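The next block holds one structure in the form of structure tokens; read it before the comments.
The values are calculated or read from the model by the stated rules, or taken from the named source; none is laboratory data. Just so it is clear, the model here is predicted, and its values are computed rather than measured. FYI the Cβ positions are ideal-geometry reconstructions off the backbone, even for glycines, and counts take in every protein chain you see. Keep in mind that these areas ignore ligands, DNA and RNA; they rest on the heavy atoms of the full protein, side chains included. Shrake-Rupley method; radii C 1.70, N 1.55, O 1.52, S 1.80 Å.
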Amino acid sequence: MEAIVTRGLSKRYRDAAAVEGLDLTVHRGELFALLGVNGAGKTTTIRMLSCLTRPTAGDALLGGKSVVSDSQAVKSIIAVSPQETAIAPNLTVRENLELMGGIHGLSRAQAREKAAALAERFGLDQIAGKRAKRLSGGWQRRLSIAMALISEPEILFLDEPTLGLDVLARSDLWEMIRALRGKMTLILTTHYMEEAEALSDRIGILKNGRLIFVGTAAQIKQKAGAERFEDAFVKLVKGETLQ
Ligand SMILES: Nc1ncnc2c1ncn2[C@@H]1O[C@H](COP(=O)(O)OP(=O)(O)OP(=O)(O)O)[C@@H](O)[C@H]1O
């Protein structure tokens with residue numbers, strides 16, 4: 001079974017379509033990046049797939065479950081690491097992880113065990129007693145992703161995971177994301193072309209709410225006749241033809 005299948009997925013606001021007729025399949029264990037300029041519909045797509053907003057037409061099946069008719073089942077297999085991190089600033093790293101375990105119905109002992117395992121896996125154990133607000137942006141983002149993993153999701157949404165981070169913090173986070181590859185399905189949105197190219201198995205390009213291309217970075221470069229991925233993206237987004 002595919003991880004995500006959307007059919008005619010659309011979201012219309014009063015005066016405009018934010019996402020229009022999205023037909024997309026994401027395979028299990030794939031790292032799929034959604035790219036597009038500001039306002040292209042990336043966030044709206046992620047919000048529909050993670051049941052935060054209801055489509056106005058069409059449907060999406062995640063692990064075979066519909067976001068329209070079975071959103072509870074969808075929510076039980078997904079997690080989101082949002083753009084603005086979901087951490088509680090006054091709690092410590094450990095407390096944030098344990099709190100998230102509690103939210104997902106783990107007993108106190110289970111939450112403690114899971115939190116410790118995740119902290120160790122992602123190098124958060126040395127700073128487990130530090131208040132989250134004292135962490136750098138990169139470490140806050142790392143904690144936010146570790147928190148999203150507490151529920152052992154089948155599908156994880158990473159919304160602009162390295163936004164505003166310096167080059168070193170970004171490279172550390174790439175390592176973390178790479179370590180998750182193949183273990184679950186990952187959907188990433190980003191404005192950084194090199195990030196999409198470096199991390200993704202496939203990339204979908206959105207323009208004005210429509211998917212104009214899906215393929216590997218190499219296929220996108222070939223399609224656009226460009227050597228650099230960023231040039232290929234610009235060419236495709238500026239071009240008029242729908243692929
Ligand atoms: N709640 C809303 N009400 C009305 N229009 C909205 C709403 N949310 C999004 N839109 C519109 O839908 C379109 C797609 O927005 P969306 O935020 O999904 O784009 P995006 O690709 O995530 O952009 P960015 O890169 O800036 O985050 C935009 O034109 C936006 O103005």
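Name the residues in the range 199-222 that are surrounded by fewer than 16 Cβ atoms within 10 Å (Cβ to Cβ) and part of a helix (DSSP H, G or I), would you?
Scanning the range 199-222 gives ALA218, GLN219, GLN222.
Looking only at the range 41-72, count every residue that is open to solvent by 20 Å² or more (accessible area, probe 1.4 Å), more than 16 Å from the ligand (Cβ to nearest atom) and out of contact with any Ser or Thr (no Cβ under 6 Å at 6 or more places or on another chain) and tell me the total.
8
Looking at LYS75, LYS130, LYS114, which is the one that is basic (Lys, Arg) and under 23 Å from GLY41 (Cα atoms)?
Only one candidate passes the filter, namely LYS75.
Quick one: is MET184 open to solvent by less than 50 Å² (accessible area, probe 1.4 Å) and closer than 21 Å to MET48 by Cα?
So MET184 passes the test.
Only residues in the range 205-219 that are under 15 Å from GLU230 (Cα atoms) count as the first member; pair them with residues that are open to solvent by 10 Å² or more (accessible area, probe 1.4 Å) and assigned to a strand (DSSP E or B), Cβ under 6 angstrom, at least 6 apart or cross-chain, and list the lot.
So the pair list comes out as ILE205/PHE213; THR216/ARG202.
Quick check: anything in the range 23-31 outside any strand (DSSP E or B), within 16 Å of the ligand (Cβ to nearest atom) and at positive phi?
no
Is there a residue being more than 21 Å from the chain's Cα centre (by Cα) and at pLDDT 95 or above anywhere in the range 62-69?
Yes: one or more hits.
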